[in-house]
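Visitor: Before I ask anything, here is the structure I am working with.
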Amino acid sequence: MLSRWLGLLAAGLLLAGCATPARPEIRARIDPAATLSNGDAGFARALAPRPFVFPRDHGPHPEYQIEWWYYTGNLSAGERQFGYQLTFFRSGLAPRPVARESAWGATGVYMAHLALSDVARGRFYAYERFSRDAAGLAGASGDPFRVFLEDWSAAGSGPEGMTMHLRAAEGEVALDLILESQKPPALQGNQGLSQKGPTPGNASFYYSLTRMLTTGTIRVDGQTYAVGGLSWMDHEWGTSALEAGAVGWDWFSLQLDDGYDLMYAQVRTPTSVSYSFGSLVDPAGRVTPLDPAEVQLEVLATWRSPASQALYPARWRLSVPGLALRLELEPRLANQELPVSVVYWEGAVRIQGSRQGQPVTGSGFVELTGYATGRGGAPGAR
């Protein structure tokens, strides 16, 4: 959700002055909460609801400083289970195009993450790329929809661009997937205006494609698998997002086997949850905003990363008593920590529980940021 552009400010500083398209090695660790609280530098802010038009709004919104396209999913090849993440982040360098004589002159920088959880083998793979939106290295368009960084890409087709083709390969991992949305876009928050705190403008425009039927292939460790399952897409854009004092967030995208989908997120300070929001999407695509006061999130276990020494929540109970919903979430792998410019945990989870008194199972993804910065503290409960 919010970490869709973690590290882009640093990438922009590194790439804006580069004379060649070399991919930099990032050694410094970046504080995502501090980055998300930066000033707007003349960029537009998300202040009021707006109409959404597709496929145009799948594309970029350069008048806003930050933007991300986020794909996650749980796929299988027979009994073989995989979780994947392919994400693209854009950070604007200026709110309006700047005339540049050089073909290398950029108005924005892009970062992308590719990750795969190979559950059967207990292995997690993660890769990161940076580039500028110049010389054909990276960019995005809305009609037709496409976002790319070198040869990693997501492209839309069909009515309103709701069928998407993902391609990415690096190291031991390759994805070639077709995603077909089974529901209309879910506009998060107030008609797509998603507040991240009480201050006006600390918000993003945010929609989700919560249930995308997925087929294609995954290559890992020299083997190619024909896979199927479900994916989730998030697309957000805005400028400033977080209030002062925020250190990180926990984000959940959950797909239940009875056709319901749930998104929930909470922003943390060192001692408490400062802001939270979410929605429930029914099988027909109708969106019900969740009342944060009605959502109970309990941490049932923790896991300490041997690499970063960060202590993460590792199992949860999420309950919404007013909806008779009670779910327990467990990671498919303990170690799904991305050792990239900003160290964070994002991974596939399995779900079991009940809704309206009936047993329900499912799968989903969880993102945890701010635990590896030294500021996040121990996991809290809501």
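No lab work stands behind these numbers, since they all come straight from the coordinates. Quantities reported herein were computed from a predicted structural model and do not represent experimental measurements. Virtual Cβ from ideal backbone geometry, glycine too; neighbours counted across all protein chains shown.
Visitor: In whole Å, how far is the Cα centre of region 284-303 from that of region 210-268?
Guide: Cα centroid to Cα centroid, the span is 15 Å.
Visitor: Given the convex hull over the Cα atoms of region 2-368, what projected area results after averaging over all orientations, in nm²?
Guide: On the way: hull surface 69.3 nm².
Quarter of the Cα hull surface area: 17.3 nm².
Visitor: With the crude spin-label approximation of a point 7 Å out along Cα→Cβ, what separation in nm comes out for A324 versus A307?
Guide: Label-label distance for A324 and A307, simple model: 4.4 nm.
Visitor: Are there chymotrypsin sites (Phe, Trp or Tyr not before Pro) in region 218-301 that DSSP marks as loop and that have at most 10 other Cβ atoms within 10 Å, and which are they?
Guide: Sparse-neighbourhood loop chymotrypsin sites (Phe, Trp or Tyr not before Pro): none present.
Visitor: Follow-up question, since we're still on this one. FRET efficiency for A120 and Q356, Cβ-Cβ distance as r, R0 = 35 Å, nearest 0.05?
Guide: It comes to 0.55.
Visitor: Using mean Cβ contacts within 10 Å as the protection proxy, how do 299-308, 82-91 order, highest first?
Guide: Highest mean packing first, the order is 82-91, 299-308.
Visitor: Below 8 Å, C-alpha to C-alpha, sequence gap of six or more: please give me the relative contact order for region 2-368 in percent. Before the final figure, lay out the partial values.
Guide: Values: 970 pairs, mean separation 56.7, N = 367.
So the answer I get is 15 percent.
Visitor: Kindly provide the trypsin sites (Lys or Arg not before Pro) of region 100-199 that DSSP labels as loop, not H, G, I, E or B, and whose Cβ sees at most 12 other Cβ atoms within 10 Å.
Guide: R100, R121
Visitor: Which FRET efficiency value, to the nearest 0.05, is calculated for A244 and N190 with the Förster distance at 30 angstrom and r the Cβ-Cβ distance?
Guide: Given R0 = 30 Å and the Cβ-Cβ separation, E is 0.85.
Visitor: Sticking with this one: For region 47-56, just list the computed ³J(HN,Hα) in residue order, Karplus coefficients 6.51, -1.76 and 1.60, θ = phi - 60°, integers in Hz, with x standing in for Gly and Pro.
Guide: 10, 8, x, 9, x, 10, 10, 10, x, 3
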